[in-house]
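Remarks on the structure that follows.
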Amino acid sequence: MTRGTSSQPAHGGAGHGAVPGRGTGAGSPTAAAPRRGRKAGRVWSREFALFFVARAVARLGDTMLPVALAAGLLQHGYGAGAVGLAMAATAAAFAGLVVFGGVLADRFSTRKLMIGADLVRLGTQALAAALFFSGHVVLWEICAIGFVNGVAGAVFQPGVASTVPRLASDVQGANGAIRVAESAAQLAGPALAGLLVGFAAPGGVFTAHAATYAVSALCLLLLRLPPPTPGGRAAGHRHRGTGGAAKAFRSDLAEGWREFRSRTWLWSVIAVWCLYMIAVWGPTVPLVAAEVVGEHGARAYGLVNSALGAGTVAGGLLALRLRPRRMLRAGAIALFGFAAFPAAVGAGLGVPAMAAGAVVAGAGMSFWGVMWATSVQTQVPSDVLNRIHAYEVAGSLAMMPVGQALAGPAASLLGAGHVLLAAGATSFVVCVALLAVPAIRGLVRADAAGPVTAAIPGPVHPDKG
């Protein structure tokens, strides 16, 4: 169900220094090289607009899916544990395979990979719609469909990181605009899903979700990525020779891992994020869905999720205006607000109070997301960006299926309310841990010493799509 950097609860690295993969990033010649022929600070163009629409429509579908899963499975006699397992199937496949997707994205056409992934998910969600319309809903089949979606997402996701800086010279502005669009979609998506559940049953939501993949694929089909910057390595140049492809693939994985672990601020965030996924995000998504739908109905859950979307719109707009020198420190401070969401639901407050907590949570998560995505895209050299992004996404999401799978048993043992209250408390611990790491709180934005264009990564791989 993951479609892009900014649509994830995910979380940057240095540019080239004297030693490859090391250095501060801010003064790195490769990471700081401006893109030729770009207007300083430019965001909007025909190509970026197409990508923008693809991301917004994709997010609209993704925010409808939890409502459909929760309402559909609950209607067929399954509980919160089943909802968690269905979500975990997608997350597990995605987290386990996205690293390989990063290698593919650095070797082949990212655009064609993303189009293919969208078409696969168009088919799987159409199949899910048919199952729910027919009334033949078996949990393992829904989990299998989710697993295939996760595999497709693992192929799609890595290319998003390198696409944004290729389309816009103002990377933070582009990420902020995409975040606002995705957040507006999140504002409308759950409410729309609630209406569809009421009038067309869960199968109608899955049909609409399948249609969003079709629109995304069409936008990407019309998209033409700019020509590569001179100096970029040709995609596929390591395929030659007997047995060369397999050896080069392993070499690419190893190179990506070396680049990843050489950046203390990057792997430190991911290490902290593992705790976040297990104890905060993992249980929050299925348990909030089950609690709100069970106590107040699918429409109330749609309202709460729309409030979360309103908060993320506010956070994205704030990220468009504020340009902190230490982006991750500012993002971690904003992230304190997320605790309000699981805490409000866990405390059994009314729908208005839960919606208010969701607004605060969404704003904090959205601001953090823009700060994180921009840090990764501007401080990592472009020839390894897709792999680095894949490693950070895999690491940040690796524990989410664990948290989702444990949500049901933990709720049965302790009560869903207590688990959600614990998630709120742990969210505070995570923010304190992020701020306690010097490499995270002290990371200076890549363009701090010059104009916005100085933050653009250097050479990019040719895209044959």
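Anything in region 103-114 that is in a helix (DSSP H, G or I) and over 16 Å from LYS247 (Cα atoms)? List them, or say none. Quick ask: steps written out before the conclusion?
First pass over region 103-114, keeping only residues in a helix (DSSP H, G or I): 103-107, 110-114.
If the condition is that a residue be in a helix (DSSP H, G or I) and over 16 Å from LYS247 (Cα atoms), then ALA105, THR110, ARG111, LYS112, LEU113, MET114 are the ones that fit.
Is it fair to say ALA300 is more than 20 Å from the chain's Cα centre (by Cα), of a type in the set (A, V, I, L, M, F, W, C), modelled with pLDDT under 85 and buried (at least 24 other Cβ atoms within 10 Å of the Cβ)? If you could, list the steps in order and put the result at the bottom.
Values: more than 20 Å from the chain's Cα centre (by Cα): yes; of a type in the set (A, V, I, L, M, F, W, C): yes; modelled with pLDDT under 85: yes; buried (at least 24 other Cβ atoms within 10 Å of the Cβ): no.
Considered against the rule, which asks whether it is more than 20 Å from the chain's Cα centre (by Cα), of a type in the set (A, V, I, L, M, F, W, C), modelled with pLDDT under 85 and buried (at least 24 other Cβ atoms within 10 Å of the Cβ), ALA300 comes out as no.
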Please determine, by comparing only the residues of region 263-297 that are crowded, with 18+ Cβ neighbours inside 10 Å and of a type in the set (Gly, Ala, Ser), which one is nearest to the chain's Cα centre (by Cα). GLY282
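Identify all residues within region 149-205 that are among the hydroxyl-bearing types (Ser, Thr, Tyr) and under 18 Å from ASP383 (Cα atoms); write none if there are none. Please lay out each step first, then the result.
Quick first cut of region 149-205, residues among the hydroxyl-bearing types (Ser, Thr, Tyr) only: 162-163, 169, 183.
Across region 149-205, the qualifying residues are SER162, THR163, SER169.
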When you scan region 3-26, do you find a residue that is charged (D, E, K, R), touching a helix residue (DSSP H, G or I) at 6+ places or on another chain (Cβ under 8 Å) and either more than 30 Å from PRO286 (Cα to Cα) or modelled with pLDDT of 80 or more (or both), even just one? no
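Filter region 145-163 down to the residues that are among the hydrophobic types (A, V, I, L, M, F, W, C) and more than 16 Å from VAL83 (Cβ to Cβ) and list them by number. Steps first, please.
Initial filter on region 145-163 (among the hydrophobic types (A, V, I, L, M, F, W, C)): 145, 147-148, 151-152, 154-156, 160-161.
Within region 145-163, VAL148, VAL151, ALA152, ALA154, VAL155, PHE156, VAL160, ALA161 meet the criteria.
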Residues (modelled with pLDDT of 80 or more and small (Gly, Ala, Ser)) located in region 284-296: ALA289, ALA290
Quick one: would you say SER183 is part of a helix (DSSP H, G or I) and closer than 19 Å to LEU385 by Cβ? no
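Under 30 Å from PHE100 (Cβ atoms) and among the basic types (Lys, Arg) - does that describe any residue in region 387-395? Quick ask: steps written out before the conclusion?
So in region 387-395, the residues under 30 Å from PHE100 (Cβ atoms) come out as 387-395.
Still in the list and also among the basic types (Lys, Arg): 387.
Yes - at least one qualifying residue is present in region 387-395.
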Consider VAL393 carefully, then state whether it is crowded, with 24+ Cβ neighbours inside 10 Å, under 15 Å from PRO165 (Cβ atoms) and aliphatic (A, V, I, L, M). no
Identify all residues within region 47-103 that are surrounded by fewer than 24 Cβ atoms within 10 Å (Cβ to Cβ) and of a type in the set (S, T, N, Q); write none if there are none. GLN75
Which of (1) of a type in the set (Ser, Thr, Tyr); (2) over 21 Å from LEU60 (Cβ atoms); (3) crowded, with 22+ Cβ neighbours inside 10 Å is the odd one out, the single condition SER134 does not satisfy? (3)
Name the pairs: first residue in region 343-362 and closer than 14 Å to LEU303 by Cα, second residue in a loop (DSSP other than H, G, I, E, B) and of a type in the set (A, V, I, L, M, F, W, C), Cβ to Cβ under 8 Å, at least 6 apart or on different chains? GLY357/LEU349
Residue count, region 170-188, condition surrounded by fewer than 24 Cβ atoms within 10 Å (Cβ to Cβ), small (Gly, Ala, Ser) and in contact with a Ser or Thr (Cβ under 8 Å, 6 or more places away or on another chain), comes to 1
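Here's the yes/no breakdown for (1) of a type in the set (Asp, Glu); (2) buried (at least 24 other Cβ atoms within 10 Å of the Cβ); (3) closer than 20 Å to PRO283 by Cα:
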{"site": "LEU335", "(1), (2), (3)": "no, yes, yes"}
{"site": "LEU349", "(1), (2), (3)": "no, no, yes"}
{"site": "ALA373", "(1), (2), (3)": "no, yes, no"}
{"site": "SER382", "(1), (2), (3)": "no, yes, no"}
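The values are calculated or read from the model by the stated rules, or taken from the named source; none is laboratory data. Remember, it's a predicted structure, so these values are computed and weren't measured experimentally. Neighbour counts run over all protein chains shown; Cβ positions are idealised from the backbone, glycine included.
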